[in-house]
1. Along the three principal axes, how long is segment 62-112 when you take its alpha carbons, biggest first, rounded to the nearest angstrom?
2. Using only Cα atoms and rounding to the nearest 10 degrees, what angle (0 to 90) does helix 300-329 make with the longest principal axis of the chain?
3. Do me a favour and compute the ellipsoid semi-axes for segment 7-130 from its Cα gyration tensor, root of five times each eigenvalue, largest one first, whole Å.
4. Arg159's amide H: which non-local residues (gap 5+, or another chain) put their own amide H closer than 5 Å, with H modeled 1.01 Å from N in plane and none for Pro or chain starts?
5. Rounded to a whole number, what is D in µm²/s for segment 140-182 from Stokes-Einstein with the Kirkwood radius over alpha-carbon pairs (37 °C, 0.692 mPa s)?
6. Which of Leu351, Leu81, Leu399 ends up with the largest GNM mean-square fluctuation for the chain, with Cα atoms connected below 10 Å?
7. Can you give the local net charge around Gly365? Use residues other than it whose beta-carbon is closer than 12 angstrom to its beta-carbon, Lys and Arg +1, Asp and Glu -1.
8. Arranged from highest to lowest average of other beta-carbon atoms within 10 Å per residue, in what order do the peptides 21-29, 250-258, 141-149 appear?
Amino acid sequence: MNFDYSPKVEQLRERLLAFFDEHIYPNEKRYHAEIEANRRAGNAWIPTKVIEELKPKARAAGLWNLFLPRSPRAPEGLSNLEYAPLCEIMGRVYWAPEVFNCSAPDTGNMETLERYATEGLKDRWLEPLLRGEIRSAFLMTEPEVASSDATNIQCRIERDGDEYVINGTKWWSSGAGDPRCALYIVMGKTNPDAGRHEQQSMVLVPANTPGITVKRHLSVFGYDDAPHGHMEIELKNVRVPVENILLGEGRGFEIAQGRLGPGRIHHCMRSIGAAERALELMCKRAISRVAFGKTIAQQTVTQERIAEARCSIEQARLLTLKAAYMMDTVGNKVAKAEIAMIKIVAPIMALKVIDWAMQVHGGMGVSDDTPLAYMWAGQRTLRFADGPDEVHRNSLAKLELARHMSLPAGAVDMPITRGS
């Protein structure tokens with residue numbers, strides 16, 4: 001495995017870092033001020049002007065749709081290994097990925113459409129997503145069942161002639177709060193009597209279809225994440241053409257496995273970027289503040305934490321790069337252990353580093369005067385988004401045990417849970 005950046009990636013990396021210095025960091029306060037102004041005016045669910053202004057600049061800089069590999073519709077797309085250092089940089093500011101059309105859940109949904117949709121559906125939905133004209137949401141998790149086991153899903157998708165009729169309630173539908181959200185990818189049961197992993201299907205549902213009610217937004221540690229949002233959505237007798245199903249009935253788990261692998265590693269790449277930003281803020285604060293006659297940076301406990309943070313970040317980065325390399329070379333299925341490992345490791349690592357950075361900042365660290373509190377909230381959710389730690393550990397343990405004993409076929413499954 002050679003993890004050296006190619007000349008192409010190094011050039012993109014330098015260009016992206018320069019873009020952050022020129023356009024992202026200087027606009028952090030403006031972004032928050034714009035959302036707060038919208039909130040005070042009575043509607044926080046409005047796309048921000050700052051992101052819309054920066055998108056054309058990102059496209060002009062060649063920093064657009066970098067996440068999608070092997071797609072003739074997105075020739076600028078990179079391999080997972082090539083994308084890793086760039087996604088990491090994007091993760092330094094939580095809203096930045098949208099500027100480059102590389103934000104969740106759109107990235108996972110675009111990969112799903114590219115892999116599993118018909119050419120007609122790609123023309124209808126993938127193309128405007130690739131242009132950044134619309135946004136999308138992924139509807140899997142449900143409030144009435146433990147969605148860490150997606151076989152529990154109760155939402156029904158029943159065929160009626162040339163249409164599917166959908167009934168159910170979904171929540172934590174990230175991105176559905178955005179008024180530009182035009183498409184839902186919905187997972188539900190088409191045949192409850194089929195095999196455990198053949199009951200579910202995925203279908204494309206236009207967000208303006210009659211019978212859809214966005215009931216409420218769900219806050220994360222008090223943050224509403226406007227204008228993106230995480231919504232609870234009721235689907236009542238929602239009708240869509242049968243042509244909107246992906247791959248066919250009973251293929252939902254297969255699609256979910258294909259979708260969630262890249263989604264999980266993208267989250268981990270961004271987690272490493274968040275940890276790097278936190279460590280940077282921690283060091284600058286420690287150098288500038290004096291307590292008990294010494295700078296905080298001179299305190300032994302601070303030095304120990306800085307050293308430990310650097311070790312932890314480097315370890316997580318190497319594991320992420322290994323998983324990305326394997327996804328590129330042997331495929332997501334063979335790389336499932338590495339994907340599970342990094343999904344366990346990266347958010348916990350980022351939380352630890354961010355927590356130490358908050359501690360160095362004192363009371364300021366838990367306020368909104370720094371990005372640390374929001375970063376912490378986002379990383380904490382990743383310990384159950386796209387599969388809780390416990391499920392990934394269980395899957396990983398089974399894979400490890402399988403090396404030493406015979407297990408029944410199908411005993412080791414990757415977790416299927418909320419994707420974003």
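1. So the three principal-axis extents are 29, 20, 18 Å.
2. Around 30 degrees separate the two axes.
3. Numbers: eigenvalues 133, 83, 23 Å².
Working through the eigenvalues yields semi-axes of 26, 20, 11 Å.
4. Placed amide hydrogens put Val165 under 5 Å from Arg159.
5. Values: Rh = 12.0 Å.
D = 273 µm²/s.
6. So, out of Leu351, Leu81, Leu399, the one fluctuating most is Leu399.
7. Values: positive: Arg285, Arg289; negative: Asp355, Asp368, Asp369.
Combined, the nearby Lys, Arg, Asp and Glu give -1.
8. Working: 21-29: 14.6, 250-258: 20.7, 141-149: 16.6.
Descending packing order for the listed peptides: 250-258, 141-149, 21-29.
Just so you know, all these numbers are worked out from the coordinates, no wet-lab data involved. This structure is a prediction, so every number in the text was calculated from the model and none was measured. Cβ sites come from the backbone with ideal geometry, for glycine too, and all protein chains shown count toward neighbours.
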